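This report refers to the structure that appears directly beneath it.
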Amino acid sequence: MNNFYRKAQFLLSTPDLKSAPLDQGLEVAFAGRSNAGKSSAINAITSHKALARTSKTPGRTQQLVFFRLDDERRLVDLPGYGYAKVSLQMQKDWQLNMQRYLNERTALKGLFLLMDIRRPLTPFDEQMISWSQHQQVPLHIALTKADKLSKGNAKSILLKTRDELEERGIPCSLQLFSVPGKIGVDDAHEILNEWFELS
Ligand SMILES: Nc1nc2c(ncn2[C@@H]2O[C@H](COP(=O)(O)OP(=O)(O)OP(=O)(O)O)[C@@H](O)[C@H]2O)c(=O)[nH]1
Ligand SMILES: [Mg+2]
């Protein structure tokens with residue numbers, strides 16, 4: 001079944017929902033801070049080198065980018081947030097855009113939130129989490145760039161973050177992810193299979 005994600009193809013990118021694909025079928029959105037590794041994760045999950053554009057410069061993906069898996073299923077690379085250099089107006093636009101997407105998108109079956117393991121749960125992450133809770137969109141969190149820490153440290157941050165989320169009563173699953181470390185692609189497929197009704 002993992003070969004399924006290799007079928008991913010770029011569909012379209014759009015600054016807002018007006019030009020988005022028809023709101024039908026099943027969609028999973030990848031969200032997270034600029035530079036958290038959203039586009040890299042999409043590439044690893046679909047076994048493509050450069051399906052989603054990655055960059056060392058934060059703020060690369062300013063649009064909602066839709067990838068088609070089959071007639072019914074799509075992945076979405078959401079615009080990154082928390083990039084210090086963007087104007088207040090752009091931050092407001094982002095907030096409205098994300099809120100609208102989470103509120104209105106019927107096809108949205110799950111939010112895949114990526115957080116750099118060295119900087120989890122920033123205020124913008126908290127905002128995404130609270131919007132997803134409010135809209136009752138299932139939430140899965142991946143702590144990215146796990147290769148930047150020792151195995152022991154990565155594990156302890158995973159456990160600490162899990163405790164923090166549990167204490168706040170936020171129901172979600174949590175995993176480690178690393179592209180060069182080849183960590184977490186199977187876990188990601190498992191949760192996507194569930195949301196895409198493939199298992
Ligand atoms: N060491 C390491 N670097 C990674 C990993 N994942 C991504 N990166 C690097 O982090 C940088 C940002 O990755 P992107 O995938 O472009 O991040 P993004 O979240 O899509 O960023 P925006 O599109 O700006 O929101 C790139 O230089 C990637 O090569 C990882 O698992 N380990
Ligand atoms: Mg990106």
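Observations, loosely collected:
- Among the candidates ASN43, ASN35, ASN103, residue that is more than 8 Å from ligand 1 (Cβ to nearest atom) and of a type in the set (S, T, N, Q): ASN103
- Taking helices (runs of 4 or more DSSP H) as the structural unit, those lying wholly within the stretch 54-171 and holding at least 3 residues that are acidic (Asp, Glu) and more than 12 Å from ALA29 (Cβ to Cβ) correspond to 151-167.
- Scope the stretch 44-85; condition more than 10 Å from ligand 2 (Cβ to nearest atom) and within 12 Å of the chain's Cα centre (by Cα); matching residues: ILE45, LEU64, LEU75, VAL76, TYR81
- Restricting attention to the stretch 127-168 and to residues that are among the charged types (D, E, K, R) and under 19 Å from the mean Cα position of the chain (by Cα), the residue that is nearest to ligand 2 (Cβ to nearest atom) turns out to be LYS145.
- Any chance TYR81 is among the hydroxyl-bearing types (Ser, Thr, Tyr) and within 11 Å of ligand 1 (Cβ to nearest atom): yes
- Within the stretch 185-199, being under 16 Å from LEU139 (Cα atoms), part of a loop (DSSP other than H, G, I, E, B) and not acidic (Asp, Glu) holds for one residue alone: PHE196.
- Extreme residue, nearest to ligand 1 (Cβ to nearest atom), among residues of the stretch 84-100 that are exposed (fewer than 13 other Cβ atoms within 10 Å of the Cβ) and of a type in the set (A, V, I, L, M, F, W, C): ALA84
- Scanning the stretch 48-69 for residues that are exposed (fewer than 14 other Cβ atoms within 10 Å of the Cβ) and more than 9 Å from ligand 1 (Cβ to nearest atom) turns up LYS49, ALA50.
- Remark: PHE124 falls outside the filter, which requires a residue to be surrounded by 16 or more Cβ atoms within 10 Å (Cβ to Cβ), more than 12 Å from the chain's Cα centre (by Cα), farther than 28 Å from SER156 by Cβ and not acidic (Asp, Glu).
- Candidates ALA20, ALA31 - the one that is small (Gly, Ala, Ser) and surrounded by fewer than 22 Cβ atoms within 10 Å (Cβ to Cβ): ALA20
- All positions within the stretch 162-185 that are away from ligand 1 (no atom under 15 Å from the Cβ) and in contact (Cβ under 8 Å) with a residue 24 or more places away in the chain: GLU164, LEU165, ILE170, PRO171, CYS172, SER173, LEU174
Every number in this text was worked out from the coordinates using simple rules, so none of it is lab data. A quick note: this is a predicted structure, and the numbers were derived from the prediction, not measured. Counting neighbours? That spans all protein chains shown, and the Cβs are built from the backbone with ideal geometry, glycine included.
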